[in-house]
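The values are calculated or read from the model by the stated rules, or taken from the named source; none is laboratory data. Source: prediction; values computed, not measured. Cβ atoms come from the backbone with ideal geometry, glycine included; neighbour counts cover every protein chain shown.
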Amino acid sequence: MIAFDGILHDGRTATAVPVRVEERGDDIAVCDGTVTARLPRAAIVADAPIPGVPRILRLPDGGRIESTEHAAIAALWPEHGVVARAAYAVETRWWAVFAGIAITAAGIWLVVAVALPLAADPVARSISPEVELYLGKQALKSLDATVMKPSQLSAEEQEEWEGKFDAFVEGEKGEENFVIAFRHAGRPNAFALPGGTIVVTDEMVDAVDNDDELLAVLAHEIGHVRGRHAMRLVLQNSGIAVLMTALAGDAVGVTFLAVALPSMLVQSGYSRQFEAEADDYAFAHLKRHGVSPQAFANVMRRLEKETGDAKDDGPVMRYLGTHPSSAERIRRAEEAR
Amino acid sequence: MADTNAAPLSIHPFIFTGRTADYFRIWAVSLCLSLLTLGVYSAWGKVRKRRYLYAHTRLDGSGFDYRASPVAILKGRIIALLLFGGIALSGHFLWFAQVAFILLLLLLAPWIVVASSRFNARNSAWRNVVFAFDGTIREAAKVLLGFGAIVIVSLGLGYPWFRMRRARFIVERHRFGATPFTADMETGGFIVAYLLAFLMMIGAGVLMSAGIGIGAVVTSGAGSSKPSPVFFFLPIAALYAAYLVVFAYLQARIGNLTMNGAIVGPLRCRSTLRARDLAWLYLSNIVAVIATAGLAVPWVTVRMARYRARKLCVVGTAPLTSFAAATGAAATATGSEVGDLFNVDVSL
């Protein structure tokens, strides 16, 4: 016969009555010292066990008995759902808890470093060119409405560069989608939009010393378009957001920091990876068109001087920056010669 | 002479008895199984974590009870994921879609507040007497959207008043069993709190600009053309520190004002959070969480719960056992009338 002590909360008022619970065949007797109630054991529902939490027995009349006699309750009401049983089994074994932490760490690494980049590539490829073109147009529209002004370059100069650009992308896969667009933005910059439009600022055209240097910049952006980096980055970053929400959906306050900070580091890491990939593409593309990757190194040096970027970004920026450090990119360009 | 007829005033402190070692295991298993089940288990994990924290938050010898169904939480998570996923994805390319999503979220705010308050209240119990939230969407819309609009029209000057009305709405519409809460709050305390917070931020800004100025003079005097990165990072660190202190101050002040204004039957809450305690807790929490790559999160949760419990008590003349559970209409109103739409935990 199993018997244990508990506290009865009758569900009518906020009272706490000590009771003795006893097994009597298929029945359970609950005695508060004066009155003994007899109930079928099957009519009482035990909650899922959690280590360190008192068990709660739900009585058919709405009353609840709270008790810390885990062994006795587990013997009388052994049946639970599979989820509760599995969780309890792991939670009560320290070695399993630490194995769980190791699995979590390995799992996060696997998703971040392998699964997401691997999955984002085919998904980005499956997006139809029309959708990409539309997204690119929308992005350009909102840029034009906010930070970009019409180019101040002469029509002849723009046409001349359009011609050179067309020759530069001739034979590329999807060459008909590549378009060059000039804008005035206040600082030297070039970037690729989804769909194949490459935006070059007037300041960038002014900053370069010769045609090869601008071609080097364009080759890098062509690399972004060919690799569908814009779409892949969006997909991978969204994947990280989903992963973090799934893991810590109820994160608030400081705990939120434990989610936000690594997300930021991972996302800038993805960005640096795509930049390095676009650089590699650029070096190969330049060589195919008879231009030395030295032009890339030269234009990086020039831009560095122009914008006053720090020479060595230091260890902090190496992990926070969205681009690899300029020194690193110049070194790789000169090695690719 | 003292009034001898008055019942003696008794103080019932809250006590938190949870231990980091126990909570750590529940937390770690929740994290691992959430990852392995692609997030589905996170709802079950949340219930287990909450049940631990509730059970160890004790008043007059009895713990609280969290009764939410994981499935309802999972539904809420999916809704929140769709909403925020929509905002995040659309934000990359389509600004107008993002604006539309944010407007939708704004319009949904009263529903979200009512649904989550109701869900949390009716899944929280003490000694088998269940809490309830009776606020309606119409009331929430009046407070959040109507009074919120007044804040915008008044260029933010009405914000302390808005916060007081919001806190009052949330407190007043709660019930413990059959006993409704009443709110005893004045705008004055809220105005003082936000004014002081504002002045602290201004003061920090002035001090920091002065610091940058002095730094620039010192470095240029030393003949160096490039400012040291210290003078770049130091003001940022100082700004975050100032923000943390102001945040802790507001958490303590507004938390106390809200809790001290909450009255349930013959009892009154008394909250004595201190800004300097919270500032220290937040700062050490941040350091611990970063230094342990997140493993300190359960320790942080337990120590915050312990501190908050230590600073909270209920004071009153009647015994705690006098509270009755809701019966009849009051007990069923929350269950059936509003239907499934409310049985989700959309906590944002």
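May I ask you to list the residues in region A:168-191 that are aliphatic (A, V, I, L, M) and under 21 Å from A:R301 (Cα atoms)? Quick ask: steps written out before the conclusion?
If we filter region A:168-191 for residues that are aliphatic (A, V, I, L, M), which is where we start, we get A:169, A:179-181, A:185, A:190.
Within region A:168-191, A:A185, A:A190 qualify.
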Which one is farthest from the other protein chains (Cβ to nearest Cβ) among residues in region B:271-291 that are over 25 Å from B:T258 (Cβ atoms) and either surrounded by 15 or more Cβ atoms within 10 Å (Cβ to Cβ) or among the acidic types (D, E) (or both)? B:A288
For residues that are in contact (Cβ under 8 Å) with a residue 24 or more places away in the chain, part of a loop (DSSP other than H, G, I, E, B) and under 24 Å from B:R19 (Cα atoms), scanning just region A:42-66, find the one that is farthest from the other protein chains (Cβ to nearest Cβ). A:P49
Do we have A:G6 as of a type in the set (G, A, S) and touching a residue at least 60 places away in the same chain (Cβ under 8 Å) here? yes
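Evaluate the following for A:S271: is it modelled with pLDDT of 80 or more, within 14 Å of chain B (Cβ to nearest Cβ), touching a Ser or Thr at 6+ places or on another chain (Cβ under 8 Å) and surrounded by fewer than 20 Cβ atoms within 10 Å (Cβ to Cβ)?
Yes: the conditions hold for A:S271.
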Being modelled with pLDDT of 90 or more, of a type in the set (D, E), over 20 Å from the mean Cα position of the chain (by Cα) and more than 30 Å from A:T104 (Cβ to Cβ) is the requirement here; does A:E221 meet it? yes
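Would you call A:V83 closer than 26 Å to B:L295 by Cα and at pLDDT below 90?
So A:V83 fits the description; yes.
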What number of residues within region A:171-212 are in contact (Cβ under 8 Å) with a residue 60 or more places away in the chain, among the acidic types (D, E) and in contact with a Lys or Arg (Cβ under 7 Å, 6 or more places away or on another chain)? 1
For the list (1) assigned to a helix (DSSP H, G or I); (2) in contact (Cβ under 8 Å) with a residue 24 or more places away in the chain; (3) facing chain A (nearest Cβ under 7 Å), I need the number of the one condition that B:L31 fails. (2)
Within region B:180-203, of all residues that are surrounded by fewer than 19 Cβ atoms within 10 Å (Cβ to Cβ) and assigned to a strand (DSSP E or B), the one farthest from the chain's Cα centre (by Cα) is B:P180
Can you pull out the residues in region A:152-184 that are among the small types (G, A, S) and more than 36 Å from the chain's Cα centre (by Cα)? A:S154, A:A155, A:G163, A:A167
Yes or no: A:R125 more than 15 Å from the chain's Cα centre (by Cα) and either closer than 29 Å to A:I50 by Cβ or assigned to a loop (DSSP other than H, G, I, E, B) (or both)? no
State all residues of region B:1-13 that are modelled with pLDDT of 90 or more and either closer than 13 Å to B:L53 by Cα or surrounded by fewer than 13 Cβ atoms within 10 Å (Cβ to Cβ) (or both); if no residue qualifies, say none. B:I11
Among residues of region B:247-270 being crowded, with 17+ Cβ neighbours inside 10 Å and part of a loop (DSSP other than H, G, I, E, B), the residue farthest from the other protein chains (Cβ to nearest Cβ) is B:G261
Within region A:141-151, is there a residue that is of a type outside the set (S, T, Y) and without any contact (Cβ under 8 Å) to a residue 24 or more places away in the chain? yes
Does region B:297-330 hold any residues that are within 12 Å of another protein chain (Cβ to nearest Cβ), assigned to a loop (DSSP other than H, G, I, E, B) and not aromatic (F, W, Y), and which are they? B:A318, B:P319, B:A325, B:A326, B:T327
Sole exception among (1) part of a loop (DSSP other than H, G, I, E, B); (2) closer than 27 Å to B:F24 by Cβ for A:E79, by number: (2)
Given the residues A:A106, A:A115, A:A75, which is the only one that is within 30 Å of A:P194 (Cβ to Cβ) and either of a type in the set (F, W, Y) or loosely packed, with under 15 Cβ neighbours inside 10 Å (or both)? A:A115
